[in-house]
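Enquirer: Attaching a single structure in structure tokens format; questions to follow.
FYI, it's all coordinate maths here, none of it is from the lab. Since we're looking at a predicted model, the values are computed, not measured. We place every Cβ from the backbone using ideal geometry, glycine too, and count neighbours over all the protein chains shown.
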Amino acid sequence: QVQLVESGGGLVQPGGSLRLSCAASGSIFSIYAMGWYRQAPGKQRELVATITSGGSTNYADSVKGRFTISRDKAKKTVYLQMNSLKPEDTAVYYCHCGAVVAGSRVPSDSWGQGTQVTISS
């Protein structure tokens with residue numbers, strides 16, 4: 001199984017910055033992608049940004065130019081640097097990890113518990 005521990009959420013004023021971190025642990029054979037999703041009240045969970053094992057990144061249009069996803073492969077950790085934050089960025093942010101667990105040949109998806117990000121003056 002894969003465990004994901006997120007950190008870095010909080011309350012910040014519009015225009016401010018936050019950095020989210022997510023560390024994966026467990027019996028991981030290989031990670032093929034990690035990323036961040038978010039869910040605002042009354043809305044469906046949506047993709048924010050992902051990064052593959054090869055370093056390819058993908059961003060939601062709404063965050064392009066403001067958010068940057070990065071990773072430390074050795075630490076099995078993914079980061080999300082969020083700049084120029086807007087009230088509409090307010091949501092619970094969830095870390096996602098796609099990995100093959102040791103002893104399995106089938107990739108699986110794991111999710112973090114979520115971290116609240118609130119943008120308000």
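Enquirer: I need a count of the residues in the range 4-18 that are among the polar types (S, T, N, Q) and within 15 Å of Gly114 (Cα to Cα).
Expert: Counting residues in the range 4-18 that are among the polar types (S, T, N, Q) and within 15 Å of Gly114 (Cα to Cα) gives 1.
Enquirer: Yes or no: the range 96-116 includes at least one residue that is touching a Phe, Trp or Tyr at 6+ places or on another chain (Cβ under 9 Å), assigned to a strand (DSSP E or B), more than 16 Å from Gly8 (Cβ to Cβ) and free of Cβ contacts under 8 Å to residues at least 12 places away in the same chain.
Expert: no
Enquirer: Surrounded by fewer than 15 Cβ atoms within 10 Å (Cβ to Cβ) and within 15 Å of the chain's Cα centre (by Cα): which single residue out of Gly9, Gly55, Gly42, Gly35 fits that description?
Expert: Among Gly9, Gly55, Gly42, Gly35, only Gly55 is surrounded by fewer than 15 Cβ atoms within 10 Å (Cβ to Cβ) and within 15 Å of the chain's Cα centre (by Cα).
Enquirer: Shifting gears a bit: Which of the residues belonging to the range 18-32 are in contact (Cβ under 8 Å) with a residue 60 or more places away in the chain, surrounded by fewer than 15 Cβ atoms within 10 Å (Cβ to Cβ) and under 16 Å from Val78 (Cβ atoms)?
Expert: Answer for the range 18-32, where residues must be in contact (Cβ under 8 Å) with a residue 60 or more places away in the chain, surrounded by fewer than 15 Cβ atoms within 10 Å (Cβ to Cβ) and under 16 Å from Val78 (Cβ atoms): Arg19, Gly26, Ser30, Tyr32.
Enquirer: Checking the conditions here, which among Gln116, Gln81 is polar (S, T, N, Q), touching a strand residue (DSSP E or B) at 6+ places or on another chain (Cβ under 7 Å) and under 27 Å from Ser30 (Cα atoms)? Steps first, please.
Expert: On the way: Gln116 fails: under 27 Å from Ser30 (Cα atoms).
Of Gln116, Gln81, the one residue that is polar (S, T, N, Q), touching a strand residue (DSSP E or B) at 6+ places or on another chain (Cβ under 7 Å) and under 27 Å from Ser30 (Cα atoms) is Gln81.
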